[in-house]
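The next block holds one structure in the form of structure tokens; read it before the comments.
The values are calculated or read from the model by the stated rules, or taken from the named source; none is laboratory data. Because the structure is predicted, anything quoted here is derived from the model rather than measured. Note that we place each Cβ from the backbone using ideal geometry, even for glycine, and neighbour counts take in every protein chain shown. Quick note on the areas: whole protein, heavy atoms, side chains included, nothing else; ligands and nucleic acids left out. Shrake-Rupley method; radii C 1.70, N 1.55, O 1.52, S 1.80 Å.
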Amino acid sequence: MIEIGNTLVSLDLAERFFCCDLDQCLGQCCIEGDAGAPITTAEQRELERVLPVVEPELTPQARRVIGEQGVSYIDEEGDLVTSIVGGRDCVFTCHAPGGKCLCAVDRAYRQGLTGSFRKPISCYLYPLRLTEYPAFTAVNYHRWKICRSAEANGRRLGIRLYQFMKDPLIERFGKEWYDELAQACEAIIENGIE
């Protein structure tokens, strides 16, 4: 583990190669699983705020779910998560040519339609997962078969997980924190600890 302030970071961030390959995975992380993406109450309010902007991009089934239960719900573990369609698809999933699944909120953000809200930080950070403990935050790589193409792509391009996740990690923890992480990862790689 790498210790930075009150965070413990998995060595996977230095050791693993990673670069999303949407042409291969088709955005399965937005439609696979049995619960929505973890969100905060502040993010729930932001999703409600941007809903009128993104709603035209959503499927009729997603609009129906949102109409019935809202943009989020409490899952079996007691966590606030985005609402899902059919027990799996995030309600904010939209589709692009070739069967690709995209995030309607992120798409609207890139078009300048949502202000500073890009999407929930748990989505932006994926495939990293944060676990909050009383004394520290754990940062771990969520290994999932749907990301194998991203691992292969990262290896082919020479991009490590910490490098690929630079922007979301800076958004969550700040640039100074990220710079310290990058230094630690580079030292690990240089010393051949893999």
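Summary table below
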quantity	calculated
Options Leu130, Val71, Gly99, ranked by Cα towards positive dipole end of the chain, top entry (Cβ charges)	Gly99
Under 26 Å from the Cα of Lys145 - lysines, other chains or at least 8 residues apart	Lys100, Lys119, Lys166
Cut-off 10 Å between beta-carbons: net charge of the residues surrounding Cys123, Lys and Arg +1, Asp and Glu -1	0
Per-residue [θ]222 nm for the chain (sum of -39500 (n - 2.57) over DSSP H runs n ≥ 4, rounded to 500)	-11500 deg cm²/dmol
For the chain, Kirkwood radius (reciprocal of mean inverse C-alpha pair distance, Å)	17.7
Estimated FRET transfer efficiency (Ala138, Tyr73; beta-carbon r; R0 25 Å; 0.05)	0.50
Carbon + sulfur, % of accessible area of region 51-116 - ligands and nucleic acids excluded, 1.4 Å	48
Between helix 60-69 and the chain: long-axis angle, C-alpha atoms, 0 to 90°, nearest 10	90
Helix 148-157 axis, angle to the chain major axis (alpha carbon atoms, nearest 10°)	50
Mean Cβ count within 10 Å, highest first, over the residues of peptides 159-166, 62-69	159-166, 62-69
Residues listed by number, region 92-133, amide nitrogen under 14 Å from Thr59 label point at 7 Å toward C-beta	92-96, 99-104
By average C-beta atoms within 10 angstrom, highest first, the peptides 81-87, 171-177	81-87, 171-177
Mean Cβ neighbour count within 10 Å, used as a protection proxy, ranking 95-102, 180-187 highest first	180-187, 95-102
In degrees, nearest ten, helix 41-54 long axis to first principal axis of the chain (Cα)	60
